[in-house]
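Notes to accompany the following structure.
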Amino acid sequence: MNDVATLINGLAAAAGTDALITDPVRTAPMLRDHRALYRGHALAVVAPPDTAAVSRVLAFCNERRIGVVPQGGNTGYCGGATPDASSSQVLMSLARLDRVRAVDATNYTMIAEAGCILANLQRAAADADRYLPLSLGSEGSCMLGGNLSTNAGGLNVIHYGMAREMVLGLEVVLADGRVMNTLTGLRKDNTGYDIKSLFLGAEGTLGVITAACVKLWPALRSRATAFAAVRDPEAAVALLGQLRDASGDCVSSFELIPRIGVELTTKHIPGVVDPLAAPSGWYVLCELSSSRGDAPLDAILEKTLSEANESGWVTDAAVATSERERDAFWRLRESIPEAQRKDGASLKHDISVPVSQVPGFIERAGHWVEQHVPQGVLVAYGHLGDGNLHFNVNQRAGTQAFQLQAVESKLKRAVHDLVQQFHGSFSAEHGIGQLKVFELERYANPVELDLMRRVKHAFDPNGIMNPGKVLTRG
């Protein structure tokens, strides 16, 4: 039998003596998830300094059947980077793998390690006169490995795609310690199965991503941003199509915001102001961007908004005339989650449906909430450009948090069942983690679920990689 002290000494030897973290002040925030839904206990917390150390730790743990939970910036919403309460799993922080190994401006690529903070990678790209379009509200603290392991979405998906679409190669340590390296920077490579794609969105259940080769784009030279009041979500979808056509598909972001989103942020977030004089039920925050310095984006945006006003789709709009105004628009949008937390309890759903179906989904699901959840008020907002809604229900004034939480199961089932009817996804960009394991069991195509289990067993036959996440044990 493995004695705990012997195991910890072995881990320290594998990871390096300075890689073992024992200070409870440091480990406490690492053992709970970002939303404080899950709190775990670890056999040990290790922070390997390099890929070789990650390899040694995984080989050690695999031989002894010890579960390993990889963790990046710990900004996830589904408990995917939190160990269980058994004190039998090793939490592996990737924070020390924080080097940008290479920026090849000519090849429009960057090779960076998993612990690199996203905002730092954006700056590294900008320093090379290039652009990394992955952009999230947590970009000041989230890390590349976590972004790729959850296939992060964010604000620019409509034009650049999800995180997986920005990856050309990976360095991954497998459960048995072997290292797979495909950091070639090739855009064309048809040499068999695309194995790297299996690790993107796998949430550390197949192996540990230690580095990636990501695509870069030309630096942005022009940008136009507007905050517009729209008649309803259907008008917002129509405006999106018109803007994509008029700009030659230069729409990089298109966010849908309800009136309550404006009210919550102006109430709870200092410095946030309503951009428009008169209230509206719905708004969009839209942005056009181009690598051409002479692209007439402001003119295109203003002309399209004017035509939409004549059509009755848009009732008012403000076009940013300075970076300060643009930042104010985006601060309102990005502050909605924080404002929700400050306002009270909230039940959250990260769903997606085809863009054309968003208005119908909001109408039907919103009606259900109105009829069945008097304790709450709907806060539906998000990335309309790619069909991703954060369909949340906030605690209504005059009610207690426990009253809203009492209907959580009923609400989740109704929302997710309706998502299924609309041929959508119950997890658009936040992954599965441990929060949605049984939702995946309920809604996934049986054949696809069976293949997932077979892949898991093939890559991790001893079941040590992030146990209990994405797929049920066994």
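The values are calculated or read from the model by the stated rules, or taken from the named source; none is laboratory data. Keep in mind that what you see is a predicted model, and the values were worked out from it rather than measured. All Cβ positions, even for glycine, are placed from backbone atoms using ideal geometry, and neighbour counts span all protein chains on display. For the accessible areas, the whole protein counts, side chains as well, though only heavy atoms, and no ligand, DNA or RNA atoms are used. Shrake-Rupley method; radii C 1.70, N 1.55, O 1.52, S 1.80 Å.
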Worksheet entry | Per-peptide average of other Cβ atoms within 10 Å, ordering 346-355, 393-402 highest first | 346-355, 393-402
Worksheet item: For the modelled label position 7 Å from the Cα of residue 310 along Cα-to-Cβ, which residues of segment 268-301 have backbone nitrogen atoms closer than 16 Å?
Response: 300-301
Discussion item. Suppose we keep just the DSSP beta bridges with both residues in the chain; what percent of those would be antiparallel, to 5?
Written reply: 90
Fill in: Sparsely packed trypsin sites (Lys or Arg not before Pro) within segment 1-93, loop by DSSP, other Cβ within 10 Å at most 13
65
Worksheet item: In µm²/s, what is D for segment 270-341 at 10 °C and 1.306 mPa s, where D = kT/(6 pi eta Rh) by Stokes-Einstein and Rh is the Kirkwood radius from Cα pairs?
Response: 114
Discussion item. Strictly greater than 26 Å: what percent of every Cα pair in segment 342-474 meets that?
Written reply: 31
Worksheet item: What aspartates and glutamates sit close enough to residue 196 to cross-link, taking a C-alpha to C-alpha distance under 13 Å and skipping anything fewer than 8 places away on the same chain?
Response: 165, 171
Worksheet entry | Dipole of the chain, positive direction: furthest Cα of 29, 198, 284, with charges on the beta-carbon | 29
Item to complete: Under 25 Å Cα to Cα from residue 267, which lysines show up? Leave out anything in the same chain fewer than 8 places away.
Response: 342, 348
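Please go through segment 72-104 and write out the trypsin sites (Lys or Arg not before Pro) that DSSP classes as loop and that have at most 15 other C-beta atoms within 10 Å.
Numbers: sites: 96, 99, 101; in loops: 96, 99.
Of the trypsin sites (Lys or Arg not before Pro), the ones in loops of segment 72-104 whose Cβ has at most 15 other Cβ atoms within 10 Å are 99.
How long is the gain from residue 368 to residue 400 if the chain were fully straight, where each residue apart is worth 0.36 nm and the alpha carbon distance is subtracted?
Working: separation 32, 0.36 × 32 = 11.52 nm, distance 2.07 nm.
That pair, residue 368 and residue 400, stretches by 9.5 nm at full extension.
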Worksheet item: Given the pairs 215/303; 188/215; 412/436, which span a C-alpha to C-alpha distance of over 21 angstrom in this model?
Response: 215/303
Item to complete: Please give the helix 118-127 orientation as an angle from the longest Cα principal axis of the chain, in degrees from 0 to 90, rounded to the nearest 10.
Response: 70
Discussion item. Leaving ligands and nucleic acids out of the surface, order 92, 452 by accessible area at 1.4 Å, largest first.
Written reply: 452, 92
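For the chain, calculate the relative contact order in percent as a whole number, restricting contacts to Cα pairs under 8 Å that are 6 or more residues apart.
Values: 991 pairs, mean separation 72.1, N = 474.
The normalised contact order for the chain reaches 15 percent.
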Worksheet item: Averaged per residue, what accessible area in Å² does the chain show with a 1.4 Å probe, protein chains only?
Response: 43
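Tell me, what % of the accessible area of the chain is carbon and sulfur with a 1.4 angstrom probe? It would help to have the intermediate numbers written out before the result.
Values: 10380 of 20610 Å².
Carbon and sulfur together cover 50 percent of it.
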Item to complete: Would you mind working out the magnitude of the charge dipole of the chain relative to its Cα centre, with +1 at each Lys and Arg C-beta and -1 at each Asp and Glu C-beta, to the nearest 20 Debye?
Response: 1040
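Thinking of the chain as a set of Cα atoms, what percent of all their pairs are more than 40 Å apart? Please list the in-between numbers first.
Details: 25245 of 112101 pairs.
Value for the chain (Cα pairs over 40 Å): 23 percent.
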